[in-house]
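Chemist: Have a look at the structure that comes next, please.
The values are calculated or read from the model by the stated rules, or taken from the named source; none is laboratory data. Quantities reported herein were computed from a predicted structural model and do not represent experimental measurements. Cβ: placed from backbone, ideal geometry, glycine included. Neighbour counts: every protein chain shown. The accessibility values were calculated without ligands, DNA or RNA, using every heavy atom of the protein model including side chains. Shrake-Rupley method; radii C 1.70, N 1.55, O 1.52, S 1.80 Å.
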Amino acid sequence: MFQVQEKSGSHEAVVVGLFEGEISRFFSEIDRLIDGQLTALLKEGDISAKKKAVSKIHTLGKTDAKRYYFAGLGKQDAYTTEVLRQTLGKLFKSLKGTNISNVAVMLDSFVTDRMDALEAAHITAEAYCLASYELNTYKTNKKEERSVPSITVITERDQQEVQAALTVGCVHGRATNSARTLVNLPPNKLTAVELAAYAVKLAEKYDMDYKILDKEEMEELGMGALLAVNQGSTNPPKMIALLYKGKEEWTDVIGLVGKGITYDTGGYSLKPRESMVGMKGDMGGAATVLGAMEVIGELRPEQNVVAVIPSTDNMISGDAFKPDDIITSMSGKTIEVLNTDAEGRLALADGITYAKKLGANYLIDVATLTGGVIVALGNHTTGAMTNNESFYEQVLEAAMETDEPIWRLPIFDRDKERVRNSKFADLNNSPGRDGHAIMAGVFLGEFAEDTPWVHLDIAGTSDTKSEHNLGPAGGTGVMVRTLATLLERFGE
Ligand code: BES
Ligand code: ZN
Ligand code: ZN
C-alpha cells in the first residue's frame, strides 16, 4: 500500500518536515536546487515551520519534484507525535481532490532525537489513513469521491522495518475509520440486528469464534437488565460476543464490553427533543470495541480477547420498562429503575457479567454513558474509572502513547453507598444529578466486582461537531487506537 524506497526520483509532489529555527539537510538541498529561493520564501513568510502550518511551493521545473509541501513541525523541543499526526493530517487532507496521484514523503525529515523513524512511519501512515476518511452519505446528487494520492516513503532507514510500521499505523487508522462509519450510520439502518451481522462478518473475516444471543437465549440466561431496556422496542435485542484466541490456553482473557444502544430516546424518562438528536451515536462504545477487534484480527497479537456488545435501542411503547420497575440482572443483583434514560449501565451490567462468564479476567468497558462526563471533562478527554491501579496504569500508558487523552474520576465508598441505596432492590440505576458520571461508573463496578476493570466514558469524545485535521465532523472512533495498543502490549 505504501511504497518504500531509499532515494527520491521525480515526483509530482514531495512532503518535507520543517522545524522552527533549524536548517535541516533536506531544507539546504532544496534551497541549493532553487538558488536560495527557499531561504527567501521562509524569511518572507510564504512558507512556515510553525507547528501545524502547511505550505506549498511549485519549483517551475527546477527540481525533480514538481512541488514541495512543507509540514511545519514547530520547535524541536516541543515536537510530539500529536504535532506530527495533526500536521500531516492537515497536509494530506489538502491533497484531496487535487490532480496529484502520488506523493513522496521524506520520512527522515520527521526524525529527531525524540522520534525515531519507525515511530514517524507509524504516525505518517496513521495520519494518512485517518485523513483519507470520507463520510458515506445518502445524497442522491453525490459528488465524485475526492481521491487521495498514493504515497511513496523515502527513507535511508531499514526499509522492511519502516514498511511494517507503516502497515501497523494504517491498520490503526482504518479500524478507527470503521468505528467512525458505524457511529455515523442512521438508527433506522443500524439496529441491533445489523450490528450483530456486522460483528459476524468481522469474526468470519478474521477467523474468530462468535456467539450472538437472541432474545430467548437471553431470557434463559436471565439477562433481565438488557431485556428491560429492549422491552419498548419492536427491534429484537442482541448480545454479541466475539472471541479471539491468541494463546494456547484460554487464560488471561481481556474482556472489552461496548455499549451498543443503537438509539437512545431516553425511554419514558424521555429526552428533550434537542438532546435526542445525535443519539444514533449511543453505540459508540460498541463501534470502538469492534474497531479494536479489527486491529486484533489484522495484527494477530498473542493475546486472548473477548468482545461483548449488549445491543438494543431504547424506545417507548405500552410494553416499555418504566421508572419504579424492579429488574433482575444476569448477575442476580436486583435493580430499581429510577430513570429509563440511564439505560446504558443496565445493558452494560449484563454485558460485563456475560464477559466474565465467557472467561474475561480483565475488563474494559467503553460507553457513551453520561452527559455528566461532558460537563466534567469536555469534548477532548475521555473519562476513566477503575478498581485496579496497575491495570489502569497500562490503559493510561496506551492512551498516552496514542494521544487519546483520558482522565480519571474517583470511586469512594460514599459513592458506592448512593448506588446501593434502594428500599426495594440491591441497586438503583440513577442516584441523582450530583456527580452522575461517577455514579454510572460506580454502578458498573458493582458488576465487575473483583475483576480488574477500567471504565471509559466516551460520551464527550465519541463524536465531534466540527471537521478536524484528521477527519470530518461525526464519529471519531476514539479509543480504538488506545485499546489496540493496549492489546498489542498487554503483559509485556
Ligand atoms: N446516552 C446517554 C449519554 C449521552 C449524553 C451520550 C450526551 C452522549 C451525549 C445516556 O444514556 C444518558 O441518557 N445518560 C443520562 C443519565 C442520567 C439519566 C442519570 C445523562 O447523562 O443525562
Ligand atoms: Zn440514556
Ligand atoms: Zn444512552
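Chemist: Applying a 10 Å radius around every beta-carbon, put 276-282, 437-443, 1-7 in order of their mean neighbour count, most first.
Modeler: Packing proxy ranking, top to bottom: 437-443, 276-282, 1-7.
Chemist: Simple spin-label model, 7 Å along Cα-to-Cβ: Asp64 to Lys43 in nm?
Modeler: In this crude spin-label approximation the distance works out to 2.9 nm.
Chemist: Taking the Cβ of Leu456 as the centre, find all other residues whose Cβ is under 14 Å away and add up their charges (Lys, Arg: +1; Asp, Glu: -1). Walk me through the intermediate numbers first.
Modeler: Working: positive: Lys259, Arg345, Arg408, Arg481; negative: Asp365, Glu404, Asp457.
So the surrounding residues net to +1.
Chemist: Going by average Cβ neighbours within 10 Å, how do the peptides 347-357, 455-465, 238-248 rank, with the highest at the top? Mind showing how you got there, number by number?
Modeler: Working: 347-357: 28.1, 455-465: 24.6, 238-248: 20.7.
Ranking the peptides 347-357, 455-465, 238-248 by packing returns 347-357, 455-465, 238-248.
Chemist: Continuing with the same structure: Rounded to the nearest whole Å², what accessible area per residue is found for the stretch 177-489 with the 1.4 Å probe?
Modeler: Spelled out: the 1.4 Å probe surface of the stretch 177-489, per residue, equals 39 Å².
Chemist: To the nearest 10 degrees, how steeply does helix 192-205 sit against the main Cα axis of the chain, on a 0 to 90 scale?
Modeler: Its long axis makes an angle of about 50 degrees.
Chemist: Moving to a separate point now. Per residue, how large is the accessible surface of the stretch 24-154? Use a 1.4 angstrom probe and give square angstrom. Mind showing how you got there, number by number?
Modeler: Values: 6470 Å² over 131 residues.
With the other protein chains kept in place, the stretch 24-154 gives 49 Å² per residue.
Chemist: Dipole size in debye (nearest 20) for the chain around its Cα centre, Lys and Arg Cβ +1, Asp and Glu Cβ -1?
Modeler: About 1680 debye.
Chemist: Nearest 10 degrees, 0 to 90: what angle lies between the long axis of helix 344-357 and the longest principal axis of the chain (Cα atoms)?
Modeler: Rounded to the nearest ten degrees, it is 90.
Chemist: Here's a follow-up. How big is the charge dipole of the stretch 380-468 about its Cα centre, in debye rounded to the nearest 20, if each Lys and Arg gets +1 on its Cβ and each Asp and Glu gets -1 on its Cβ?
Modeler: 580 debye
Chemist: Identify all lysines with a Cα-Cα distance to Lys416 below 28 Å; exclude those on the same chain that are fewer than 8 residues away in sequence.
Modeler: The reachable lysines, counting only those whose Cα sits under 28 Å from Lys416, are Lys259, Lys271, Lys322, Lys333, Lys356, Lys357.
Chemist: Between the helical axis of 480-489 and the dominant principal axis of the chain, each derived from Cα atoms, what acute angle in degrees is found, rounded to the nearest 10?
Modeler: Around 90 degrees separate the two axes.
Chemist: Taking Lys280 as the anchor, which aspartates and glutamates have their alpha carbon closer than 17 Å to its alpha carbon, excluding any fewer than eight residues away along the same chain?
Modeler: Glu194, Asp264, Asp313, Asp341, Glu343, Asp457, Asp463
Chemist: Report the paramagnetic label zone for Glu492: residues of the stretch 146-186 whose backbone N is under 20 Å from a point 7 Å from Cα along the Cα-to-Cβ axis.
Modeler: Of the residues in the stretch 146-186, 158-176 have backbone N under 20 Å from the label point off Glu492.
Chemist: Still on this structure: How do 320-329, 177-186 rank on mean C-beta neighbours within 10 Å, highest first?
Modeler: 177-186, 320-329
Chemist: Of Val289, Thr112, Asn429, whose Cα points farthest to the positive end of the dipole of the chain (charges on the beta-carbon: +1 Lys, Arg; -1 Asp, Glu; origin at the Cα centre)?
Modeler: Thr112
Chemist: Quote the charge dipole size of the stretch 2-132 about the Cα centre in Debye, to the nearest 20; the model charges only the Cβ of Lys and Arg (+1) and of Asp and Glu (-1).
Modeler: For this selection, approximately 480 debye.
Chemist: If you take every residue apart from Lys75 with its C-beta less than 15 Å away from the C-beta of Lys75, what net charge results, scoring Lys and Arg +1 and Asp and Glu -1?
Modeler: -1
Chemist: Follow-up question, since we're still on this one. Compute the FRET efficiency between Lys205 and Asn379 as 1/(1 + (r/R0)^6), taking r as their Cβ-Cβ distance and R0 = 35 Å, and round to the nearest 0.05.
Modeler: According to the calculation, E is roughly 0.60.
Chemist: What is the P(r) of the chain, as percent of Cα-Cα pairs per 20 Å bin from 0?
Modeler: Values per bin, smallest distances first: 24, 50, 23, 4, 0.
Chemist: Where a Cα-Cα gap under 30 Å defines reach, which lysines qualify for Lys62, not counting those fewer than 8 residues away within the same chain?
Modeler: Lys7, Lys43, Lys50, Lys51, Lys52, Lys75, Lys90, Lys93, Lys96
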